[in-house]
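The values are calculated or read from the model by the stated rules, or taken from the named source; none is laboratory data. Keep in mind that what you see is a predicted model, and the values were worked out from it rather than measured. Here the Cβ is made from the backbone with ideal geometry for all residues, glycine too, and neighbour counts use every protein chain on show. For the accessible areas, the whole protein counts, side chains as well, though only heavy atoms, and no ligand, DNA or RNA atoms are used. Shrake-Rupley method; radii C 1.70, N 1.55, O 1.52, S 1.80 Å.
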Amino acid sequence: MKLSRDEFVRLAMEQIDAVDRVAHSVSRDSADAADLVQETYLRALRAYESFDLQVFGIRPWLLRILHNTHLNRVKRDRRSPLAMDGHVLDATAEPEAPPFIPPFEGTFVDEELNEALNQLPEDLRTILILWAVDELSYKEMAHVLEIPIGTVMSRIHRARQRVYELLPKHGNVKAR
């Protein structure tokens with residue numbers, strides 16, 4: 001079903017919280033997440049004429065744009081050289097402490113859970129957020145991430161198992 005531009009904008013804006021939440025989970029930086037959300041909506045608005053409202057609605061379509069935009073940025077950033085000041089290069093050869101990674105900026109209030117989520121690899125953290133927070137179906141997640149449903153199911157299993165292992169209450173006990 002084709003939508004008018006106004007109807008498209010209304011539907012898209014209803015999903016901004018979900019898009020923002022996923023952007024924060026994949027980027028781990030508020031400024032980068034805001035840029036991702038903005039670019040996602042810009043790309044969506046440019047392509048609204050090609051959008052056809054299906055069973056899934058607009059959320060998986062927006063999340064797919066966000067996911068692809070994030071992957072393109074990561075690839076671009078890996079290819080570009082890092083600029084460094086001369087005084088940094090002349091500094092001692094001692095390794096610096098790793099950069100501070102801000103905590104997950106979701107709606108979780110449990111610090112132990114936040115810490116466990118922050119330790120997950122990006123692919124597991126993303127799939128867990130899509131599943132647990134955004135409540136997407138396996139089929140919707142497969143569509144958003146462009147992966148088979150079997151991969152979605154195995155990633156969710158691995159993510160849940162890893163979070164369970166990372167929670168201090170459970171130590172290194174394997175999840176069932």
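Things worth noting here:
- Solvent-accessible surface (1.4 Å probe) assigned to His157 amounts to roughly 100 Å².
- Electrostatic bookkeeping for Thr40 treats Lys and Arg as +1 and Asp and Glu as -1; over the other residues with beta carbon under 10 Å from its beta carbon, the sum is -1.
- Once the Cα-Cα distance is subtracted from the 0.36 nm per residue extended length, the Lys139 to Leu53 segment shows a gain of 29.4 nm.
- Counting Lys and Arg as +1 and Asp and Glu as -1 over every other residue whose Cβ lies under 12 Å from the Cβ of Pro148, the net charge comes to +1.
- Put simply, when 133-143, 40-50 are sorted by average Cβ atoms within 10 angstrom per residue, most first, you get 133-143, 40-50.
- Linear extension gain, Glu165 paired with Glu111, 0.36 nm per residue minus alpha-carbon span: 17.9 nm
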